[in-house]
Amino acid sequence: MPTLSIVTATYNAASVLPQLIESLLSQTDPDFEWVVADGGSTDETLDLLAEASSSLACVVVDSRPDFGIYDALNRAVRKATGEYYLVAGADDIFFQDAVSNYKKAISQAGTDFVTSRIRSGRGVRGPRVLRWSWLYGPFAYVSSHAVGLATRRTLHQVHGYYDRQLPVAADQLFILRAIRSGATVSYHEFVAGRFESQNGASGQDVLGCLLEGYRAQVATGHSLLGQTLLLFLRMLKNWRRLQVRR
């Protein structure tokens, strides 16, 4: 069976972290490592992680000031030892068969990316039916970066790590760059867990998400004119949300 790491970036996450820990403790396959890059939390986050380390098979915690979520994720990925890794936000959860299902899917498919379905909001979602990356970006191929995607760790040796200059959409750039350079993807029907999309950076910063998604699309070879038009249409579609966030 392939080895699997789960990586998480935390900063003062004590109010939400227990549900993620509980979901990890409930896994039917407990053979995984959990690597946490903490940004120097001053609440009870580190205490919760210390407590979890006594119950989980392998917990690695590195706590120091950092430059945001992708800087922390890069640190966690570098410390991970699994052949593949999953990203989990501090407020996400995995369903109890997630690790087992991912390992089976990886063994069967052997692809660079293995994506599942996830529960988000009121529904369950997977990759888009139409593989139109010019329209959907990485979500033409994967359901989500967090919870819904197992990534072959050595891809970073070829395509680099998450770009800190995109504090909201660095994952989109990495996934698109890898896939457009030949990385393989397989889709599997199981629902891996729940992704709290509205609590992350992309859910909080609508304009930043739109602009950085645009940058990722253009940087990976999509038409500048076409993407500029799409950006304009998306800003019109999200106009009310943009006004609320001002």
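The values are calculated or read from the model by the stated rules, or taken from the named source; none is laboratory data. Since we're looking at a predicted model, the values are computed, not measured. Heads up, the Cβs are rebuilt from the backbone with ideal geometry, glycines too, and the neighbour counts pull from every protein chain shown.
Tabulated results
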{"read-out": "Residue in region 168-190 that is over 11 Å from the mean Cα position of the chain (by Cα), within 18 Å of Lys103 (Cα to Cα) and of a type in the set (Gly, Ala, Ser) present", "value": "yes"}
{"read-out": "Residue count for region 46-99, restricted to those that are in a loop (DSSP other than H, G, I, E, B), more than 15 Å from Thr3 (Cβ to Cβ) and among the small types (Gly, Ala, Ser)", "value": "6"}
{"read-out": "Qualifying residue in region 205-228 (condition: touching a strand residue (DSSP E or B) at 6+ places or on another chain (Cβ under 6 Å), outside any loop (DSSP other than H, G, I, E, B) and at pLDDT 95 or above)", "value": "no"}
{"read-out": "Pair list, Cβ < 7 Å and 6+ apart or interchain, from region 70-94 residues that are touching a residue at least 12 places away in the same chain (Cβ under 8 Å) and within 16 Å of Leu17 (Cα to Cα) to residues that are of a type in the set (Val, Ile, Thr) and assigned to a loop (DSSP other than H, G, I, E, B)", "value": "Ala88/Val147; Ala90/Val16; Asp91/Val16; Asp92/Val147; Phe94/Val147"}
{"read-out": "Asp66 crowded, with 16+ Cβ neighbours inside 10 Å, over 22 Å from Gly121 (Cα atoms) and among the acidic types (Asp, Glu)", "value": "yes"}
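Residues are listed down the side, and each one gets a yes or a no for (1) of a type in the set (D, E, K, R); (2) in contact with a Lys or Arg (Cβ under 8 Å, 6 or more places away or on another chain):
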{"position": "Val36", "(1), (2)": "no, no"}
{"position": "Gly82", "(1), (2)": "no, yes"}
{"position": "Arg122", "(1), (2)": "yes, no"}
{"position": "Gly137", "(1), (2)": "no, no"}
